[in-house]
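Heads up, the thing below is written out as structure tokens.
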Amino acid sequence: MEKDFLEILRTLSQTVFVLSANNDQERHAMTVSSVASLSLKPPSMMVGVNKEASINEVLEKNSNFCLNLLKKSQQNIADTCSGTEEGEKRFTNDLWVSDNPVYLSDAQSNIFCKVIEIIPFSSHSIIVGEVKELKHSGKIEPLIYQDGKYL
Ligand SMILES: Cc1cc2nc3c(=O)[nH]c(=O)nc-3n(C[C@H](O)[C@H](O)[C@H](O)COP(=O)(O)O)c2cc1C
């Protein structure tokens, strides 16, 4: 069952985001693809985050986060934020803006949210966020992950 499940998941075309969030002491950014829109009224998003991910240290009810939708040319950022670097080293390029929340200025789009609910399920939590602000470049050239590689 698990093998077939993984095999089917590998066939999906997944849009790649970097989830970013911070508190007064630390900031975090991690590559995510378990992202979906949830409702229009209110505008809301959901994202699945592993309970062991370090960003959980700063995600709490009413805190802010940003879903930075990556462009095709930003595979290096996806790599940096999924393991080649850790913690603060993920913020070494100057495209990051220190705001509340911290966000990537050069992303295809930025979806700024406030955490409404954190729903634990097994190894992951579903973070439900109400959309508070949007930035959109108007371009449609997202970074896609499929079959274990970026397209
Ligand atoms: C394309 C791609 C998509 C990913 N999507 C998710 C995701 O939706 N949720 C998740 O918890 N981890 C996801 N990961 C794994 C995290 O990016 C990775 O474990 C990261 O290093 C976690 O951050 P940490 O090292 O600061 O804990 C994904 C990785 C890649 C390469």
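The values are calculated or read from the model by the stated rules, or taken from the named source; none is laboratory data. Only a predicted model underlies this, so the values are computations on that prediction, with no experimental measurement involved. FYI the Cβ positions are ideal-geometry reconstructions off the backbone, even for glycines, and counts take in every protein chain you see.
Observations, loosely collected:
- Subset of the stretch 66-103 [modelled with pLDDT of 95 or more and β-branched (Val, Ile, Thr)]: 77, 80, 97, 102
- In the stretch 79-111, residue farthest from residue 24 (Cα to Cα) [restricted to those that are crowded, with 21+ Cβ neighbours inside 10 Å and among the hydrophobic types (A, V, I, L, M, F, W, C)]: 107
- Of the residues 137, 73, the single one that is over 26 Å from residue 7 (Cα atoms) and out of contact with any strand residue (DSSP E or B) (no Cβ under 9 Å at 6 or more places or on another chain) is 73.
- Filter result (surrounded by fewer than 18 Cβ atoms within 10 Å (Cβ to Cβ) and among the basic types (Lys, Arg)) within the stretch 19-62: 41, 51, 61
- Checklist (1) over 21 Å from residue 26 (Cβ atoms); (2) within 16 Å of the chain's Cα centre (by Cα) applied to residue 122, failing item: (2)
- The criterion of at least 3 residues that are over 20 Å from residue 50 (Cβ atoms) is met by the following strands (runs of 3 or more DSSP E) wholly inside the stretch 61-151: 109-121, 124-136.
- Tallying residues that are under 13 Å from the mean Cα position of the chain (by Cα), more than 9 Å from the ligand (Cβ to nearest atom) and not aliphatic (A, V, I, L, M) within the stretch 31-65 yields 3.
- When 129, 83, 138 are checked against the criterion of being within 13 Å of the ligand (Cβ to nearest atom) and not polar (S, T, N, Q), a single residue qualifies: 83.
- The residue list 68, 76 contains one member that is farther than 14 Å from residue 142 by Cβ and not aliphatic (A, V, I, L, M), which is 76.
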